[in-house]
Structures are given as C-alpha cells and as structure tokens.
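Only one structure is covered here, and it is reproduced in the block below.
The values are calculated or read from the model by the stated rules, or taken from the named source; none is laboratory data. This one's a predicted model, so the numbers in the text were calculated from it and none came from an experiment. Counting neighbours? That spans all protein chains shown, and the Cβs are built from the backbone with ideal geometry, glycine included.
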Amino acid sequence: MDVYIDYNATAILRPEVITAMQNTFQLFGNSSSVHRAGRKAKSAIEEARERIASVVEVSPAEIIFTSGGTESNNLALSNRDIPVFISATEHDSINAVREDSKIINVDVNGIINLEHLEELLSSADRLSMVSVMLANNETGVLQPIQQVVNIARRFGAIIHCDAVQGLGKIPFTFSELGVDMLSISAHKIGGPKGVGALIVKEGIDLPPLLLGGGQERNRRAGTENVTGICGFGVAASLVQSTLKQASNLESMRNKIEFEVKEKIPEVTVYGHGVARLPNTSCIGLPDMSNESQIMALDLAGVYVSAGSACSSGKITPSHVLKAMGFNDNAASSAIRVSLGWQTTENDCNTFISVWTDMVKRIFNSNDLCRSVA
Ligand code: PLP
C-alpha cells in the first residue's frame, strides 16, 4: 500500500469535496449572467464564500477568489509603488514577485529577526508593506505574526500574511492575526487545485492583476471557477474537524522524529524546539542527496518531498535552509514529511522502517567503497 505523507505539497481530496464538486457540474450558467442559470451558479459561489468567510471570521465581501496561493500572493504584492519587506524564508510566489523586495533576516530556526524588521521599516521614507508567512512550507516553523503586526503598525505599514500552509493545521482567525491581507489555497486543505483566495480587509486599496472583467467586485477579472470554488467552500467547512486531528498528527510526527533520531543519530530535525505546524517534519542527513532519498522512498511506495523547491523535476538546494545559515550540502539533503487527515500510525511506521533501512544500506555501501578504495 502506498504511503502518502506529502500533505504540504497537496492534501488528499476529501470525499465530501468530490461529491460537492460533482454536483456543481449541472451549474452550467455563467455566474455573471442575469438569467436563472447564471443566478444559480452565482448563489453556489456566494455560499462557498460564506463558508470560507466564517472559517477565518471575515465578511464575505473581503474574500477575492483566485487561482490559488500563488496568484493570491502575487495579487497581494501587486502595488508596485510601495516598498516591500519580506522574510528570507518566503515561498517563491512571494520571492519572485518584486525584485526590489528587501529581505528580513531569519535566525537558525527560520524565525524572523524582529529588530531587523524594525530597522528596515524605519529606513522606509513612505508607506510600505510587510509580507511574512504564517507557517513555513518546508520546516513548518511558525512566524510571530502578532509581533510582526505590532511593529509594522507603529510604522503604518500594510501587512500581508501567506497563510497557505497554516489553514487547517493551526487555529487562527483573520482578526487574531491582525493583518490586512491573507492568502489561502484550497488544495492544502483537502480541496481542489487551482483555486484560492486573498482576503483583503475593507478599506485596503489593491490594484487588480487581471483586467478585463468586473468579477470579484472588480478586483479579479475572469469567469469564476464555480466547481473549484464550491469544492473550496466544502473543504473550508471541514477545517474544524481537521484541526481536531492536530494533536494526533503531532504525536505521530514526534514519534517519527524520535525513532529516526534513535536509529540514526546523525539526523537533524530543522526547527525542532520552536513552534511548528503539528504535521510537518524537515529531516536532514548531510551527504545524502534528497533527490536520491525521494527516489528510493518512491520505489518503496512512500511519497515525501525535498525540503526545497522542485521545478521541472529538478530539486535545488533549499533557500529556506540556506537562509537559516546551513550550507549547500545540508540544504540539498533534507526531506520533508508532512502528515494529513488520512495518515495512520502504520504509514508512519512504514516510513520509519523504509527510510532508516535505506540510510543504513547507503551508509554501509559507502563504508564498503571507502574500504575498497
Ligand atoms: N505559499 C506557500 C507557503 C505554499 O506552500 C504554497 C504551495 O506550496 C503556495 C504559497 C502556493 O500555493 P498554490 O499551490 O495554491 O499556488
């Protein structure tokens, strides 16, 4: 049986979501059309909007549907007239948007240096923006968003938070975080891929990225993805039940970390000891390329990711681990295990035995090579 423990890449679709999406295929109308078919599609979208709004406790009008976390992040940073400060461990959909972004340093756990943030903000001569993620996708490490907000508010800055990895894994509401904009994505919570939202506090001015249509109150042009949005709404309404699983996921995650460390003491668990997502573990073993680890695990039917970005099938050293002060070797040898709603104890045991056997085999063959050389 395959073991899927790569939920930070994407969560397994919830069956309730599949059913809800199947039901929307009859909603053929364009939600902008005024006839009944259009109104039906529109009302399905508005129902989903309300479901999502109630999970993060915002007004439905503050939700802009997008094509996912990437677009939400791009949209949040779309005002090119204001300076932007981002943390050194942000997702590439934040890193790549503005080549003039100033980087806030992080410590060895990837937590932002609040004094550096303050320094950067005091050097800005006009309204600026701060974008800091809630939880890191590779390590699961949480950022002190409320403290970021306290500092940024003193300078009157606009605050965006990429909460794509936080939703459904840790409890929060929009007002608890205190930010002005928040990105979320459906496929990380058991919903479909290709749909997400940017939540924008009333009164925040945001230039649209996509032009040519009045949808989403003129903030995101294009005919809405009714099926995706409805799936997102249902996935959002299941967030509370996922959150109830958090302590179970955390104990399974802790067991993995404990056992792999016991069997292979050279292992490093990044972010261990600071506040982290309960489902995520970033495990490193220097000199052991994450690409080969992932391939060997894949052959055994165990699916994990590298603790780093993977584009066009090529894994590059993790910019997150490098920002935390680790070298290229460490940044190329970490894997990320991320558990989710369908993970069982058995899955964790399979991962532990397959991974530790693989590492021992490689260690032994390296020893053999050394003795032959
Ligand atoms: N932000 C973070 C922290 C992520 O982990 C991801 C996806 O991995 C994204 C943004 C992008 O989201 P999407 O895949 O919906 O475009």
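Of all residues in the range 248-268, none that is outside any helix (DSSP H, G or I) has its Cβ atom under 6 Å from the Cβ atom of a residue that is of a type in the set (A, V, I, L, M, F, W, C) and surrounded by fewer than 17 Cβ atoms within 10 Å (Cβ to Cβ), 6 or more apart or on another chain.
The residue that is nearest to the chain's Cα centre (by Cα), counting only those in the range 242-282 that are of a type in the set (Lys, Arg) and within 19 Å of Asn137 (Cα to Cα), is Arg276.
Restricting the first member to the range 21-35 and to residues that are within 16 Å of Thr223 (Cα to Cα) and touching a residue at least 24 places away in the same chain (Cβ under 8 Å), and the second to residues that are aliphatic (A, V, I, L, M) and surrounded by 13 or more Cβ atoms within 10 Å (Cβ to Cβ), the beta-carbon pairs closer than 6 Å and six or more apart or on different chains are Thr24/Val226; Leu27/Ala41; Leu27/Ala44; Leu27/Val226; Ser31/Ala41; Ser31/Ile45. As for the range 161-182, it holds at least one residue that is in a strand (DSSP E or B) and either of a type in the set (Asp, Glu) or surrounded by fewer than 23 Cβ atoms within 10 Å (Cβ to Cβ) (or both). Being touching a Phe, Trp or Tyr at 6+ places or on another chain (Cβ under 6 Å) and among the aliphatic types (A, V, I, L, M) is a property that does not hold for Ala246. Remark: pairs (first residue in the range 189-215, under 25 Å from Glu57 (Cβ atoms) and in a loop (DSSP other than H, G, I, E, B); second residue within 16 Å of the ligand (Cβ to nearest atom) and of a type in the set (S, T, N, Q); Cβ separation under 7 Å; 6+ apart in sequence or on different chains) = Val195/Ser67; Val195/Asn225; Leu206/Ser78. I'd like to check something: does the range 179-195 contain any residue that is within 27 Å of Thr242 (Cβ to Cβ), touching a His at 6+ places or on another chain (Cβ under 8 Å) and of a type in the set (Asp, Glu)? Scanning the range 179-195, I find at least one residue that is within 27 Å of Thr242 (Cβ to Cβ), touching a His at 6+ places or on another chain (Cβ under 8 Å) and of a type in the set (Asp, Glu), so the answer is yes. Within this structure, Ser123 passes the test of being polar (S, T, N, Q) and at pLDDT below 95.
Out of the range 119-154, which residues are out of contact with any Asp or Glu (no Cβ under 8 Å at 6 or more places or on another chain) and in a loop (DSSP other than H, G, I, E, B)? Hits for the range 119-154 are Ala124, Asp125, Arg126, Leu127, Ser128, Asn136, Asn137, Glu138, Thr139, Gly140, Gln143, Pro144.
Listed by first and then second residue, the pairs linking a residue in the range 60-72 that is at positive phi to a residue that is within 12 Å of the ligand (Cβ to nearest atom) and modelled with pLDDT of 95 or more, with Cβ atoms under 6 Å apart and 6 or more places separating them unless they lie on different chains, are Gly68/Ser185; Gly68/Gly194; Gly68/Gly196.
If the requirement is being at pLDDT 95 or above, within 16 Å of the ligand (Cβ to nearest atom) and over 18 Å from Ala323 (Cβ atoms), which of these qualifies: Gly69, Gly110?
Just a single option satisfies the conditions, and that option is Gly69.
When residues in the range 327-357 are screened for being more than 29 Å from Pro15 (Cβ to Cβ) and either under 24 Å from the mean Cα position of the chain (by Cα) or not hydrophobic (A, V, I, L, M, F, W, C) (or both), 11 of them pass. Being touching a residue at least 12 places away in the same chain (Cβ under 8 Å), among the charged types (D, E, K, R), surrounded by 15 or more Cβ atoms within 10 Å (Cβ to Cβ) and part of a helix (DSSP H, G or I) is a condition met by at least one residue of the range 51-58.
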